[in-house]
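Trainee: Pasting in a structure now, in structure tokens, and then I'll have a few things to ask.
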Amino acid sequence: MTRDLKRWPVRLASLLACLLFWHVAASARLDLGLFTFTYVPTPRAVLDAAWQLLTSSAVLAHLGSSLSRVFAGYAVAALLGVSLGLLIGRSKWAEDTLLPPLEVLRPIPAVAWIPLAILMFPSSELSMVFITFTGALFPILLNTVHGAEAVDPRLVASARSLGARRWAILGEVVLPGALPSIVTGLAIGMGTSWFCLVTAEMIAGQFGIGYYTWESYTLQNYPDIIVGMLLIGVLGMGSSALVKRLGALATPWYRTQRAG
Amino acid sequence: MSSYQPAPEPGRIEGCGLSIRLGEGAEAFEAVQRLDFTVAPGEFVCILGPSGCGKSTLLGALAGHLIPCAGQLTVDDQTIDGPSPQRGMVFQHHTLLPWRSVLDNVAFGLKMQGVGKAERQRQAREMLQLVGLADFAGRWPSQLSGGMQQRAEIARVLINRPRLLLMDEPFGALDAQTRARMQELLLDIWARIHTTVVFVTHDIDEALFLADRILVMSPRPGRFIEDLHLDFPRPRCASLLTSPAFTHFKRHCLALLRHEEGRELPRLTPLGLPDADHPPLRIAL
């Protein structure tokens, strides 16, 4: 712990150095030939823009619509991914019927769904939620399948010998056994669903952080671009950390097991 | 232990022309072949044999995890048609649920019967007391030593008051001292909760120390080649291990097992063949 504390000044200094470089490069309009800082706003301008956004009423509309889209798409993906994953992981029949079509769809990046999604869904709102859902579904599904398949068959046999029936085995043995793997899938899925949402918003949105970032580019409010980028990063990081924290709370045995 | 209710009835086992096939297609083989045997209610029987001889396979069939391909296997005249809390199984390595506390693990069987939380926890505490784990009720299974895990496992099986207690080399992975203590503890528990015990082991000392009767099995196809009745007085203690009568039986068992040396067979498990997809169920000794 104390060793960690001693390392903090260096880490902080590194961050400050980057910030300083950004400031100098942007103020001097540094041109490196391959790329240029000519249009990059200074940290100071970004800070001002951030303050302006955060104190305006628009911020709630942008944040609110982004968060609600992510929440809706992610919640459906989590529910469907975990239940399908448990089914596929535990039943050969479900694996044969459900997995092949999913395997075909899996390599298609969620972003590639955008044009079709706009055509398929009546509102652009729903199409964006769908894109978020597609992004989160596969990491959650595949990790759940993996977790359910890896459950020790001796635990299942033992539970049956103790009188557990089908549903009890699913709830008492398979689900908790797969839970650490499911949590990993949920954390990865959270990251991908943010990534997909922002892309979808840039193309189809009217509100939302992604839309805000893209709109700032078209309106040439360059400091706002960076504010949008930073917001996306903070929100993605925050929600992933939240999922991991909740996951750790749901699997208290897991840490002691690995430590012991 | 005053309020402990006795088991309904220790079970009587009857096997008649029993064969069990393992593996698929051309790989299939009979792990045990045409076994005829009976075990009296309340008897402590050890099945002794070399690794891979099919003794765990027989245990798996008794538990209901494996289905015989020929013959009859009954407990109290009822054909075994699947796992049941009436036939409790203890594996070589514990199968406690890692996500349940020791107390909840022991109470698991009662939960499956729909017993209320307060009542099942009360009974589980009593069982933990019986196996000497009263102070560890709130721990995770992974926080216990190997011997404690097996004690919790035994408590978890016995809370269902089974007619049969099936044990597959339950102390095989423990160190010698712990094993000796666990054997005495098991006999002590068995004196209080008198159920039929079928105990699989390849350790001659262990079989002689514990059993009323030893069935010696030859490897593949597994067949009983000897039926030894032991009448060492109970309660038994460590001094038995050095008595002349014990040595006499030990020599006899060694001779029976010796001419099978040189044949190494892959281990079998009560769940069939060790699955290639999963880590081996049991560590070779």
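Trainee: Taking the Cα centroid of the range B:142-182 and of the range A:198-260, what is the distance between the two, rounded to the nearest whole Å?
Mentor: 49 Å
Trainee: For chain A, what does the helix formula give at 222 nm: sum of -39500 (n - 2.57) over DSSP H segments with n ≥ 4, over the residue count, nearest 500 deg cm²/dmol?
Mentor: After summing the helix terms and dividing by the residues of chain A, the value is -27000 deg cm²/dmol.
Trainee: Residues of A:161-174, mean number of Cβ from any other protein chain within 10 Å of their own Cβ, rounded to a whole number? All intermediate terms of the calculation are to be shown ahead of the outcome.
Mentor: Values: counts 20, 19, 12, 6, 1, 0, 0, 3, 1, 0, 0, 7, 3, 0.
Taking all residues of A:161-174 together, the mean is 5.
Trainee: Let me ask something else. With just the Cα atoms defining each centre, how far is the range B:188-241 from the range B:64-107? Give it in Å.
Mentor: That distance is 20 Å.
Trainee: Hey, got the average number of other protein chain Cβ atoms within 10 angstrom for residues in B:88-98?
Mentor: On the way: counts 3, 6, 2, 5, 1, 2, 3, 11, 2, 9, 10.
Mean shielding count: 5.
Trainee: Return, ordered by residue number, the residues of the range A:180-217 whose backbone nitrogen is under 20 Å from a label point located 7 Å along Cα→Cβ of A:SER57.
Mentor: A:206-209, A:212
Trainee: Here is a follow-up. Which value, in nm² and rounded to one decimal, describes the direction-averaged projected area of the C-alpha convex hull of chain A?
Mentor: Averaged projected area of chain A's Cα convex hull equals 19.3 nm².
Trainee: Okay, moving on. Only counting other Cβ atoms within 10 Å, I'd like B:HIS202, A:HIS62, B:HIS248 sorted with the fewest neighbours first. Numbers along the way, then the final one.
Mentor: Values: B:HIS202 19, A:HIS62 23, B:HIS248 10.
Least crowded to most crowded, the residues run B:HIS248, B:HIS202, A:HIS62.
Trainee: Now, a different point. Over the residues of the range A:135-252, compute the C-alpha Rg and express it relative to 2.2 N^0.38 Å. If you can, show how the numbers build up before the last one.
Mentor: On the way: Rg = 20.2 Å, N = 118, 2.2 N^0.38 = 13.5 Å.
Working it through for the range A:135-252, the quotient is 1.50.
Trainee: Further question: Give me the one-decimal nm value for the distance between modelled label points at A:TRP8 and A:SER124, 7 Å along each residue's Cα-to-Cβ direction.
Mentor: Between A:TRP8 and A:SER124, the simple spin-label model gives 4.5 nm.
Trainee: If the elastic network links every pair of Cα atoms under 10 Å, which of B:ARG234, B:ARG220, B:ARG151 fluctuates the most in the Gaussian network model of chain B?
Mentor: Looking only at B:ARG234, B:ARG220, B:ARG151, the biggest GNM fluctuation is shown by B:ARG234.
Trainee: Please rank B:ARG139, A:ARG165, fewest neighbouring Cβ atoms within 10 Å first, as an exposure proxy. Mind showing how you got there, number by number?
Mentor: Values: B:ARG139 16, A:ARG165 10.
Listed from fewest to most nearby Cβ atoms, that is A:ARG165, B:ARG139.
Trainee: Taking other Cβ within 10 Å of each residue's Cβ, how do B:SER243, A:SER239 sort, fewest first? Provide the component values of the computation, followed by the final result.
Mentor: Working: B:SER243 11, A:SER239 19.
Ordered from fewest to most neighbouring Cβ atoms within 10 Å, B:SER243, A:SER239 come out as B:SER243, A:SER239.
Trainee: In addition: Could you please report the charge total around B:LEU128, scoring K, R as +1 and D, E as -1 over all other residues with beta-carbon less than 13 angstrom from its beta-carbon?
Mentor: On the way: positive: B:ARG120, B:ARG122, B:ARG125, B:ARG139, B:ARG151, B:ARG156; negative: B:ASP104, B:GLU126, B:ASP135, B:GLU153.
Once positives and negatives cancel, what remains is +2.
Trainee: Using a Förster radius of 56 Å, what is the FRET efficiency between B:ASP175 and A:GLU103 based on their Cβ-Cβ separation? Nearest 0.05, please. Provide the component values of the computation, followed by the final result.
Mentor: Working: r = 48 Å, r/R0 = 0.85.
Computed FRET efficiency for B:ASP175 and A:GLU103 comes out at 0.70.
Trainee: Show me B:158-165, B:111-118 ranked by packing, highest mean number of other Cβ atoms within 10 Å first.
Mentor: B:158-165, B:111-118
Trainee: Further question on the same structure: If you take every residue apart from A:HIS62 with its C-beta less than 15 Å away from the C-beta of A:HIS62, what net charge results, scoring Lys and Arg +1 and Asp and Glu -1? Mind showing how you got there, number by number?
Mentor: Numbers: positive: A:ARG69; negative: A:GLU125, A:GLU201, A:GLU215, A:ASP224.
Within the 15 Å Cβ shell, the charges total -3.
Trainee: Just the projected area, averaged over all directions, of the convex hull on the alpha carbon atoms of the protein assembly as shown: how many nm²? Intermediate results must be reported in sequence, preceding the final value.
Mentor: Numbers: hull surface 140.8 nm².
Its average projected convex-hull area is 35.2 nm².
Trainee: Between B:GLY146, B:ALA207, A:ALA50, whose Cα lies farthest towards the positive end of the dipole of the protein assembly as shown when Lys and Arg beta carbons carry +1 and Asp and Glu beta carbons carry -1, centred on the Cα centre?
Mentor: Positive-most Cα among the choices belongs to A:ALA50.
Trainee: Along the charge dipole of the protein assembly as shown, pointing to its positive end and built from +1/-1 on Cβ of Lys, Arg, Asp and Glu, which listed residue (B:GLN129, B:PHE44, B:PRO83) has its Cα farthest out?
Mentor: Selected residue: B:GLN129.
Trainee: Which value, in debye to the nearest 20, gives the size of the charge dipole of the protein assembly as shown about its Cα centre, when Lys and Arg are +1 and Asp and Glu are -1 at the Cβ?
Mentor: Working: 48 positive and 45 negative charges, 247 e Å.
Dipole size: approximately 1180 debye.
Trainee: By a straight-distance test (C-alpha under 19 Å), which aspartates and glutamates pair with A:LYS92 as possible cross-link partners, with residues fewer than eight away in the same chain excluded?
Mentor: Partners found: A:GLU103, A:GLU149, A:ASP152, B:GLU24, B:ASP275, B:ASP277.
Trainee: Under a cut-off of 26 Å between alpha-carbon atoms, report the lysines in cross-link reach of B:LYS250, not counting same-chain residues fewer than 8 places apart.
Mentor: The qualifying lysines are B:LYS55.
Trainee: Moving on. Relative contact order for chain A using alpha-carbon pairs under 8 Å, separation at least 6, rounded to a whole percent?
Mentor: On the way: 298 pairs, mean separation 55.3, N = 260.
Once normalised by length, the contact order is 21 percent.
The numbers here are math on the coordinates, done by the rules we state, and not lab data. From a predicted model like this one, the values you see are computed outputs, not experimental measurements. Neighbour counts are summed over all protein chains in view; Cβ atoms, including those assigned to glycine, are modelled from backbone coordinates with ideal geometry.
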